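The values are calculated or read from the model by the stated rules, or taken from the named source; none is laboratory data. All values derive from a computational prediction rather than experimental measurement. Glycine also receives a Cβ, built like all others from the backbone with ideal geometry; neighbour counts cover every protein chain displayed. Note: accessible area is taken over every heavy atom of the protein model, side chains too, but ligands, DNA and RNA are not part of it. Shrake-Rupley method; radii C 1.70, N 1.55, O 1.52, S 1.80 Å.
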Amino acid sequence: MTATQSEDLQQLIGRDGYLPRFESVEEERRHRKERLAAGFRLFGKFGFDEGVAGHITARDPERLDHFWVNPFGMNFRHIRVSDLVLVNRAGDVVEGSAGVNRAAFAIHSQIHEARPDAVAAAHAHSVHGKAWSTLGRLLDPLTQDACAFYQDHALFDDYTGVVLDLEEGKRIAHTLGDHKAVVLRNHGLLTVGHSVDEAVWWFVTMERSCQAQLLAEAAGTPVHIAPEMAELTARQVGSHVSGFVSFSPLYEMIVREQPDLLD
Ligand SMILES: [Zn+2]
């Protein structure tokens, strides 16, 4: 989505006016952590885990240069609110007893720093995202859902091993720019959002859009949605509010199915 389209939409809905309001920062923190734990359970349920790879982060609502993340080595399917750890801008765990994936810190710290609007960022080695990433291409507007990424994702056209240093994280953040997602070549997908809800939803639907394009291109020559229709659809399905709302049924499902995630 272009800056102008995004501005138009924000005028319509008010800047993030759809987000819940909180009485206290503690309440807001609790809410973010619940969404984050639910995001991990969904990633686990959808099979996005691959050993110790993958991380979703949520900026702390008070200490804005700190973020909440999964404890290193814990399966996504087991993560509860009380398992989440808080990391400061130096990479130290300041709440929680577990360690943190170094790659999670190297990438996410730089994204949160470069994008003050990004409350959350999500990355995992999901199968279709990583298969798509090997092609070194952006997604095409082949389906209504894929239009969420039309002119609103980037390609990090490089691969230099496991991302352990901050400079590499900075380069990824620079490539992401003001988009909602980036394809990391030979690696996988990364998405961001103004809410945890949004970042997780973009990841889920981007993974499926990669799957859809891989299937379509394996079967034949897919017809592209025309540029003006893709732009219109991007405004409809690709907005911050749309990402936030789309996560809601997934959240309701996973909390009903696995209520211990809230512990
Ligand atoms: Zn990774």
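Using the Cα centre as the reference, give the magnitude of the dipole from point charges on the C-beta atoms of the chain (Lys, Arg: +1; Asp, Glu: -1; all else neutral), rounded to the nearest 20 debye.
My answer is approximately 380 debye.
Once you place label points 7 Å from the Cα toward the Cβ at A90 and F72, how far apart are they in nm?
My value for the distance between the label points is 1.7 nm.
Tilt of helix 3-13 relative to the longest C-alpha principal axis of the chain, in degrees (0 to 90, nearest 10)?
Long axis of 3-13 versus the principal axis of the chain: about 60 degrees.
For the range 31-65, state which GluC sites (Glu not before Pro) are in a DSSP loop and have at most 14 other beta carbons lying within 10 Å of their beta carbon.
Listed in order of number, the matching sites are E62.
Would you mind giving the three semi-axes, in whole Å and largest first, of the ellipsoid equivalent to the chain according to its Cα gyration tensor?
27, 21, 18
Kindly identify the range 125-247 as rounded, prolate or oblate by the Cα gyration tensor criterion: order the square roots of the eigenvalues as a ≥ b ≥ c, call it rounded if a/c is under 1.5, otherwise compare a/b with b/c, prolate if a/b is larger, else oblate.
Oblate, since a/c reaches 1.5 and b/c is not below a/b.
Taking only Cα atoms, what is the 0 to 90° angle, nearest 10, from helix 196-219's long axis to the longest principal axis of the chain?
It works out to around 40 degrees.
Out of the total accessible area of the range 118-183 (probe 1.4 Å, heavy atoms of protein only), what percent is carbon and sulfur?
Answer for the range 118-183: carbon and sulfur cover 54 percent of the accessible area.
Just to confirm, what accessible area per residue do you get for the range 101-208 at 1.4 Å probe, in whole Å²?
Using a 1.4 Å probe on heavy atoms only, each residue of the range 101-208 averages 34 Å².
Compute the long axis of helix 25-45 from its Cα atoms, compare it with the longest principal axis of the Cα atoms of the chain, and write down the angle in degrees, 0 to 90, nearest 10.
The answer is roughly 60 degrees.
What distance in nm separates the two pseudo spin-label positions at S97 and E113, each 7 Å out from Cα along the beta-carbon direction?
For S97 paired with E113, the spin-label model returns 3.1 nm.
Of the chain, which part is the longest with no trypsin sites (Lys or Arg not before Pro) in a loop (DSSP not H, G, I, E, B) and with at most 13 other C-beta atoms within 10 angstrom?
138-263
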